[in-house]
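The values are calculated or read from the model by the stated rules, or taken from the named source; none is laboratory data. Given the structure is predicted, the values throughout are model-derived calculations rather than measurements. Positions of Cβ are backbone-derived with ideal geometry, glycine not excepted, and every protein chain shown enters the neighbour counts.
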Amino acid sequence: ATDFGIKEALQQLGISDVNEGTSTGQNWFSNGSEIASYSPVDGELIGKVKTSTREDYEKVMEVAQTAFKSWRVMPAPKRGEIVRQFGERLREYKEPLGKLVSYEMGKSFQEGLGEVQEMIDICDFAVGLSRQLHGLTMHSERPGHRMYEQYHPLGIVGIISAFNFPVAVWSWNTALAWICGDVCVWKPSEKAPLCGVACQNIFAEVLKENNLPEGISCLINGDYTVGEFMTTDKRIPLISATGSTRMGKIVARTVGERLGKSLLELGGNNAIIITPDADIKMTVIGAVFGACGTAGQRCTSTRRLIIHESVYDKVKNAVVDAYGQLRIGNPLDENNHVGPLIDKDAVEMYKAALEKVVAEGGNIIVEGEVLEGEGYESGCYVRPAIAEAEPHFEIVQHETFAPVLYLLKYSGDIEDAIEIQNGVAQGLSSAVMTTNLREAEKFLSHAGSDCGIANVNIGTSGAEIGGAFGGEKETGGGRESGSDAWKVYMRRQTNTINYTTELPLAQGIKFDL
Ligand code: UN1
């Protein structure tokens, strides 16, 4: 790994002495047990962080609450200036941070850089937004009255993020929350804790230079028990959680119990519909990147191809052909397309899915395999697999976070394909490949895709930050990132002001004294 400059990257990010067995970086108030982070790339220990005990957590909350009091009164465009500086700093750290993402999580270096680019983009977006936290004005029914609404900071935003986008998802939340006047407490995935430390270090630098309290951004580490400190805590009005539907249901229930707000980004079961009018060349690129990029570990990864029978063999052969070209190996080596899965548990889930699809009557057309031998010592590298299957198979209905792609055949028209595509519990991303305007519009219509994201002639993954990101049904309903997603990080207040000497009541009610 040292060949790829990992050591230097860690040093640049302020994560040194990684093998000393102590907590690393700016990881305050952490006195709990240790989490060791091993790279799925080569199985080496990258570093350890200490988890937060209940006491540590209480200290973090105090620091966050104090920071909120000063941060919320700073004018929003001034907060935007801090986020602008953070974006600048991320540009400087793009290479080492992208490298750490690639090494700790296993995605390709290109995708690691892409993830940092998403962070930079959301910072730019947030800077502009810091001058556009608009409310509406209304006309009062009463004379001499003015009505308007305004958005105020919420307070502490709790962020629980997943391993697959270990830095970008945090920044989608924080960049917006910060300009909105909130402070953040972040629990990164236990599978990528050093990415958390690196981000904290970078932002802490910016805060320090501006004489601002570091409590504006807090980091805690640990497993679901630490997550539970947050979800049960009334001092946290909003919990933003990314991960499995199973986790999301627990978070929603716990936060709902105390009538807090939750923003959920959960599982997807994303499909590309390929109609007789599809451009096959584009389709293949979109499908193969969607299914194999990030080793199938995006929530937007393509899980299902729904192919019209008239082009089925053509598409199948082209996709199988493309799979034959895939190079699997060290993701830091830019010649490789597919890196490892996050850990051996993920490898087991991948194997189980392949067994299950066969047991249900599926037909494997590109065999999966756990790779062994030189370069694959971590035991986390698998060969992307393809199975021909039926839409109703239980395994096809389920999100397997690995490169397993199901080919489903449809006959009839686009409505039939849409029915298959919508016939799953999840509703994140979807796509249609067609050059036929009628099909495309039907897919996007009221009776079309039921997902939060619906694309035409693009795959299911790789959304830009400018749009609201998230999905329906078991995906959890939350929206992050662009458009008006910022509103969830603020509380709305309706204000009515009377500038007369009378006190007329609304609805014409008389109450004469
Ligand atoms: C995720 O997988 O958690 O659309 C987020 C995409 C990325 C984000 C994925 N921009 O694939």
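Annotation note: of Gly339, Gly379, Gly375, Gly361, the sole residue that is buried (at least 20 other Cβ atoms within 10 Å of the Cβ) and touching a residue at least 24 places away in the same chain (Cβ under 8 Å) is Gly339. Selection of segment 464-504 for residues being of a type outside the set (A, V, I, L, M, F, W, C), touching a helix residue (DSSP H, G or I) at 6+ places or on another chain (Cβ under 9 Å) and under 27 Å from Arg72 (Cβ atoms) yields Gly466, Gly470, Gly478, Arg479, Glu480, Ser481, Gly482, Tyr489, Thr496. Criterion applied to Lys78, Lys59 was being modelled with pLDDT under 95 and either assigned to a helix (DSSP H, G or I) or surrounded by fewer than 20 Cβ atoms within 10 Å (Cβ to Cβ) (or both), and the one residue passing it is Lys59.
Anything in segment 455-486 that is farther than 16 Å from Glu265 by Cα and not in a loop (DSSP other than H, G, I, E, B)? List them, or say none. The answer is Asn455, Val456. Tallying residues that are more than 14 Å from Gly268 (Cβ to Cβ), in contact with a Ser or Thr (Cβ under 8 Å, 6 or more places away or on another chain), touching a residue at least 60 places away in the same chain (Cβ under 8 Å) and hydrophobic (A, V, I, L, M, F, W, C) within segment 410-447 yields 6. The set of residues in segment 407-452 being surrounded by 15 or more Cβ atoms within 10 Å (Cβ to Cβ) and at positive phi is empty.
Scanning segment 273-314 for residues that are crowded, with 24+ Cβ neighbours inside 10 Å, away from the ligand (no atom under 16 Å from the Cβ) and part of a helix (DSSP H, G or I) gives a single hit, Thr283.
Criterion applied to Glu34, Glu104 was being charged (D, E, K, R), in contact with a Leu (Cβ under 7 Å, 6 or more places away or on another chain), closer than 30 Å to Val370 by Cα and modelled with pLDDT of 90 or more, and the one residue passing it is Glu104. Cβ separations smaller than 6 Å between residues 6+ apart or across chains give the following pairs from segment 391-404 residues that are touching a residue at least 40 places away in the same chain (Cβ under 8 Å) to residues that are outside any strand (DSSP E or B) and hydroxyl-bearing (Ser, Thr, Tyr): Ala402/Tyr350.
Checking Ser52, Ser102 one by one, the residue that is in a loop (DSSP other than H, G, I, E, B) and of a type in the set (Gly, Ala, Ser) is Ser52 and no other.
Taken together, the residues in segment 146-157 that are in a strand (DSSP E or B) and either within 16 Å of the ligand (Cβ to nearest atom) or in contact with a helix residue (DSSP H, G or I) (Cβ under 9 Å, 6 or more places away or on another chain) (or both) amount to 4.
So is Thr500 exposed (fewer than 12 other Cβ atoms within 10 Å of the Cβ), β-branched (Val, Ile, Thr) and either within 29 Å of Gly135 (Cβ to Cβ) or more than 16 Å from the ligand (Cβ to nearest atom) (or both) or not? Yes; evaluated as a whole, the condition is true for this residue.
For segment 248-265, the condition holds for at least one residue, the condition being that it is at pLDDT 95 or above, among the β-branched types (Val, Ile, Thr) and either assigned to a loop (DSSP other than H, G, I, E, B) or within 16 Å of the ligand (Cβ to nearest atom) (or both). A single entry from Glu472, Glu439 fulfils the requirement of being under 16 Å from the mean Cα position of the chain (by Cα) and among the acidic types (Asp, Glu): Glu472. Inspect all residues belonging to segment 455-475 and state whether any of them is more than 16 Å from the ligand (Cβ to nearest atom), over 23 Å from Ile274 (Cα atoms), at pLDDT below 95 and surrounded by 15 or more Cβ atoms within 10 Å (Cβ to Cβ). For segment 455-475, residues more than 16 Å from the ligand (Cβ to nearest atom), over 23 Å from Ile274 (Cα atoms), at pLDDT below 95 and surrounded by 15 or more Cβ atoms within 10 Å (Cβ to Cβ): absent.
Considering segment 121-145, and only residues there that are part of a loop (DSSP other than H, G, I, E, B) and without any contact (Cβ under 8 Å) to a residue 40 or more places away in the chain, the residue that is nearest to Pro77 (Cα to Cα) turns out to be Gln132.
The C-beta contact set for segment 268-282 (first residue in contact (Cβ under 8 Å) with a residue 12 or more places away in the chain, second residue hydroxyl-bearing (Ser, Thr, Tyr) and part of a helix (DSSP H, G or I), distance under 9 angstrom, 6+ apart or interchain) comprises Ile272/Thr283; Ile274/Thr283; Ile274/Tyr312.
Number of residues in segment 327-350 that are more than 16 Å from Glu44 (Cβ to Cβ) and either among the hydroxyl-bearing types (Ser, Thr, Tyr) or not in a loop (DSSP other than H, G, I, E, B) (or both): the value is 8. Residues considered: Asn173, Asn164. Of these, the only one that is within 10 Å of the chain's Cα centre (by Cα), closer than 21 Å to Gly339 by Cα and buried (at least 23 other Cβ atoms within 10 Å of the Cβ) is Asn164.
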